[in-house]
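What follows is a set of notes on a single structure, which appears directly below.
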Amino acid sequence: MNALRIGTRGSDLALQQARAVASAIESGGAPPCELRVIRTSGDRLEDRVLSEFGGKGLFVKEIEEALSGNEIDIAVHSAKDLPTVVPSGLIVQGYLSREDARDGFVLPSGVTVRKSATALEILEQSGPAPRIGTSSVRRIAQLVTRFPSAVFKPIRGNLGTRLRKVDGGEYDIIVLAVAGLRRLGCEHRLSATFTVGECVPAPGQGAIAMETRIDDTAANESVARIDDPNTRIAVTAERALVKTLGGGCQMPIGAYAVVEGSELHLDAVVSSLDGTYAPRFRLSGVCDEPERLGRAVAERLLEAGAADILGDLRRSQVSETGGS
């Protein structure tokens, strides 16, 4: 029986996620798996701001091309990096069980905090103008009004690089996805976690997506056996919201869906970059219709002004890149 070829980026986190998929597939009785590392455009631009070059879709393009070209059988992605438009002939076939989707932050090694202190309390005690490391426009847009004196500085690189930068004094705080810290065994470095109310996560954050060719029966059956239904339902709603908004990975959109029994709850926000206007809605629907709920919340946001926020941002990005 031929091994299933799993395509992944070469970062520590991407490899850990791909290994988790391979382990789950093999434990489910499917064929053995082998990992194929694919270097993406996003990896080659690791010192640049992603929004200037097309956003996080740059972490996906070459892997999808390898999948379409039959060089691999399953593409593994961080779901938050995956564009809502999937190339013809491909399908997002499933998701592993979602890790904690929230954002958290890390202080320099040796800095201690009260165990009972909240994330916002800790940030408020970080000096008059803390240097906060994050390249996420979503995080900045949601945090800037709470901390107007903070200096938000872009940061790229793998987790080890980012931790060295905060420990070396380049930043006072770095904001990260909790899921990445946990998957790489660095949860002990997590200083505090934001609630969803304080900072709505990125759509798909904490979820591992598995993409296949529509006509590849063996790969599709293997992925279907390990697909987590609740994660698939929640992320489907979040992705439908982003698609309806016309947004992308580098837009100030937060969305987080939760399955409770037969009900699905979706909380979403679109924030202006200065944080002064941030329409937000939370609606509930049935699990059988996640896309419908995603579209409904998106339409509420658009009616409340999200269209203007996103339109202004797109025009500014075109102007900055010299487009027409």
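What follows draws every value from the coordinates through simple rules; no lab data is involved. Here the structure is a predicted model, which is why all the values come from computation and not from measurement. Cβ placement follows ideal geometry from the backbone for every residue including glycine, while neighbour counts extend to all protein chains displayed.
Output the residue which, of all residues in the stretch 252-288 that are out of contact with any strand residue (DSSP E or B) (no Cβ under 8 Å at 6 or more places or on another chain) and part of a loop (DSSP other than H, G, I, E, B), is surrounded by the most Cβ atoms within 10 Å (Cβ to Cβ).
So the residue we want is Ser272.
Tell me whether the stretch 181-190 contains one or more residues that are in contact (Cβ under 8 Å) with a residue 60 or more places away in the chain and either farther than 30 Å from Val21 by Cα or among the β-branched types (Val, Ile, Thr) (or both).
No - not one qualifying residue is present in the stretch 181-190.
Under the condition of being in a loop (DSSP other than H, G, I, E, B) and in contact with a strand residue (DSSP E or B) (Cβ under 8 Å, 6 or more places away or on another chain), which residue from the stretch 219-250 is surrounded by the most Cβ atoms within 10 Å (Cβ to Cβ)?
Checking each candidate, the answer is Gly247.
Residues that are farther than 19 Å from Ala224 by Cα, at least 2 per element: which strands (runs of 3 or more DSSP E) completely within the stretch 55-114 meet that?
Filter on the stretch 55-114 gives 103-106.
Quick one: in the stretch 141-173, which of the residues that are among the aromatic types (Phe, Trp, Tyr) and in a loop (DSSP other than H, G, I, E, B) is surrounded by the most Cβ atoms within 10 Å (Cβ to Cβ)?
Tyr171
Starting from residues that are in contact (Cβ under 8 Å) with a residue 60 or more places away in the chain and surrounded by fewer than 24 Cβ atoms within 10 Å (Cβ to Cβ), keep the ones in the stretch 196-213 and report whichever is farthest from Arg98 (Cα to Cα).
Arg213
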